[in-house]
Amino acid sequence: MKVSVFSLDGKRADEIELPEVFEEEYRPDLIKRAVIAAQTARLQPKAVDSMAGKRTSAETWGKGYGVARVRRVKGSRYPAAGRGAFSPHTVGGRRAHPPKVEKVLKERINKKERRLALRSAVAATGDRMLVSSRGHRLEHVPELPLVVDDALEELRETKRVKEVLQRLGLWEDVERVINGVKIRAGRGKMRGRKYRRRVGPLIVVSDDRGISLGVSNLPGAEVVKVRDLGVERLAPGGVPARLTVWTRSAVQKLGAMLS
């Protein structure tokens with residue numbers, strides 16, 4: 001299948017043959033699994049000190065005192081009943097069910113399944129209906145998958161990048177991200193993630209010759225080298241079909257990488 005290669009002016013300049021990966025079957029189940037596997041791979045096992053809450057000389061009084069048989073702190077500073085210790089429900093006591101390093105946190109996926117998920121996620125970026133259903137604005141995007149000349153990789157100024165995105169019909173999607181910032185509900189506001197922001201276009205390049213500087217000030221937009229491309233970038237949150245811009249050389253390398 002052939003698609004057009006657009007210049008930085010937004011005009012069709014050439015044609016290129018797409019690699020077979022863009023014809024891969026759509027597998028949202030595998031894409032979701034691959035994203036979860038990538039997210040859980042970053043989790044670090046954690047546990048409490050095995051002696052936490054147990055470093056005490058408290059002893060139980062035994063039966064016949066009319067109080068619960070929990071261990072109690074010795075000494076005259078406490079009331080006649082004595083302060084409890086060691087037990088999970090007491091002040092300074094151990095935790096009832098603390099986290100353990102033995103807990104399985106990772107969602108594993110086979111190598112062939114992960115590779116197939118990546119191929120499927122790449123193919124989903126070329127389906128206009130899937131990309132639109134994800135919420136992206138495609139009213140003025142001329143074609144999907146959108147392939148642009150390699151000169152895009154050299155843009156270092158945000159002003160120039162904005163002009164190119166406007167000519168390619170992608171600026172409306174960036175504005176959707178800018179205007180779509182919302183305050184998170186719940187306690188997440190107190191934990192360093194007060195605002196929720198949508199995801200904008202992804203620019204896949206062969207070599208980063210300055211484009212990351214030009215895109216860094218555009219909310220929601222990202223730049224990634226084709227050799228670092230992963231399912232999580234193409235399907236943030238496990239939802240496939242992110243609006244993606246490919247440079248000509250990135251498409252050629254992608255065909256060799258996933259053939």
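Taking the condition closer than 18 Å to Val3 by Cβ, modelled with pLDDT under 95, surrounded by 14 or more Cβ atoms within 10 Å (Cβ to Cβ) and of a type outside the set (Asp, Glu), does Gly180 pass?
Numbers: closer than 18 Å to Val3 by Cβ: no; modelled with pLDDT under 95: yes; surrounded by 14 or more Cβ atoms within 10 Å (Cβ to Cβ): yes; of a type outside the set (Asp, Glu): yes.
The answer is no for Gly180.
Which residue out of Val177, Val204 is part of a helix (DSSP H, G or I) and either farther than 27 Å from Arg119 by Cβ or hydrophobic (A, V, I, L, M, F, W, C) (or both)?
The match here is Val177.
Count, please, the residues in segment 226-246 that happen to be more than 24 Å from Gly135 (Cβ to Cβ) and either free of Cβ contacts under 8 Å to residues at least 12 places away in the same chain or polar (S, T, N, Q) (or both).
Let us first name the residues in segment 226-246 that are more than 24 Å from Gly135 (Cβ to Cβ), namely 226-228.
Then keep just the ones that are either free of Cβ contacts under 8 Å to residues at least 12 places away in the same chain or polar (S, T, N, Q) (or both); that gives 228.
Of the residues in segment 226-246, 1 are more than 24 Å from Gly135 (Cβ to Cβ) and either free of Cβ contacts under 8 Å to residues at least 12 places away in the same chain or polar (S, T, N, Q) (or both).
With respect to Asp29, determine if the residue is over 30 Å from Lys74 (Cβ atoms) and within 26 Å of the chain's Cα centre (by Cα).
Numbers: over 30 Å from Lys74 (Cβ atoms): yes; within 26 Å of the chain's Cα centre (by Cα): yes.
Judged against the criteria, Asp29 is a match.
For segment 15-51, give me the residue count where each residue is without any contact (Cβ under 8 Å) to a residue 60 or more places away in the chain and either in a strand (DSSP E or B) or among the hydrophobic types (A, V, I, L, M, F, W, C) (or both).
Here is the first cut: in segment 15-51, the residues without any contact (Cβ under 8 Å) to a residue 60 or more places away in the chain are 15, 17, 29, 42, 44, 46-51.
Next, only the ones that are either in a strand (DSSP E or B) or among the hydrophobic types (A, V, I, L, M, F, W, C) (or both) stay: 15, 17, 47-48, 51.
So the count comes out to 5.
Let's see how each residue does on (1) farther than 26 Å from Leu258 by Cβ; (2) not β-branched (Val, Ile, Thr):
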| residue | (1), (2) |
| --- | --- |
| Leu118 | no, yes |
| Ala121 | no, yes |
| Val131 | no, no |
| Leu152 | no, yes |
| Lys162 | yes, yes |
| Arg176 | yes, yes |
| Lys189 | yes, yes |
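Quick one: Leu116 ticks every box in (1) under 18 Å from Arg242 (Cα atoms); (2) free of Cβ contacts under 8 Å to residues at least 40 places away in the same chain; (3) not aromatic (Phe, Trp, Tyr) except a single one, so which number is it?
Of (1) under 18 Å from Arg242 (Cα atoms); (2) free of Cβ contacts under 8 Å to residues at least 40 places away in the same chain; (3) not aromatic (Phe, Trp, Tyr), only one is false for Leu116: (2).
Residue pairs, Cβ under 8 Å, 6 or more apart or interchain, first in segment 175-189 and within 17 Å of Asn217 (Cβ to Cβ), second outside any helix (DSSP H, G or I) and among the hydroxyl-bearing types (Ser, Thr, Tyr). List them.
Val181/Tyr195
In segment 85-132, what residues are under 30 Å from Val73 (Cβ atoms) and in contact with a strand residue (DSSP E or B) (Cβ under 6 Å, 6 or more places away or on another chain)? Outline the logic, then answer.
First pass over segment 85-132, keeping only residues under 30 Å from Val73 (Cβ atoms): 85-100.
Selection gives Ala85, Phe86, Thr90.
Kindly indicate whether any position in segment 41-49 is of a type in the set (A, V, I, L, M, F, W, C), surrounded by fewer than 12 Cβ atoms within 10 Å (Cβ to Cβ) and closer than 30 Å to Arg248 by Cα.
Going through segment 41-49, the residues of a type in the set (A, V, I, L, M, F, W, C) turn out to be 41, 43, 47-48.
Then keep just the ones that are surrounded by fewer than 12 Cβ atoms within 10 Å (Cβ to Cβ); that gives 43.
After this cut, where a residue has to be closer than 30 Å to Arg248 by Cα as well, the list is none.
No - not one qualifying residue is present in segment 41-49.
The values are calculated or read from the model by the stated rules, or taken from the named source; none is laboratory data. A quick note: this is a predicted structure, and the numbers were derived from the prediction, not measured. Methodologically, a virtual Cβ is constructed for each residue, glycine included, from the backbone with ideal geometry; neighbour enumeration extends over all protein chains shown.
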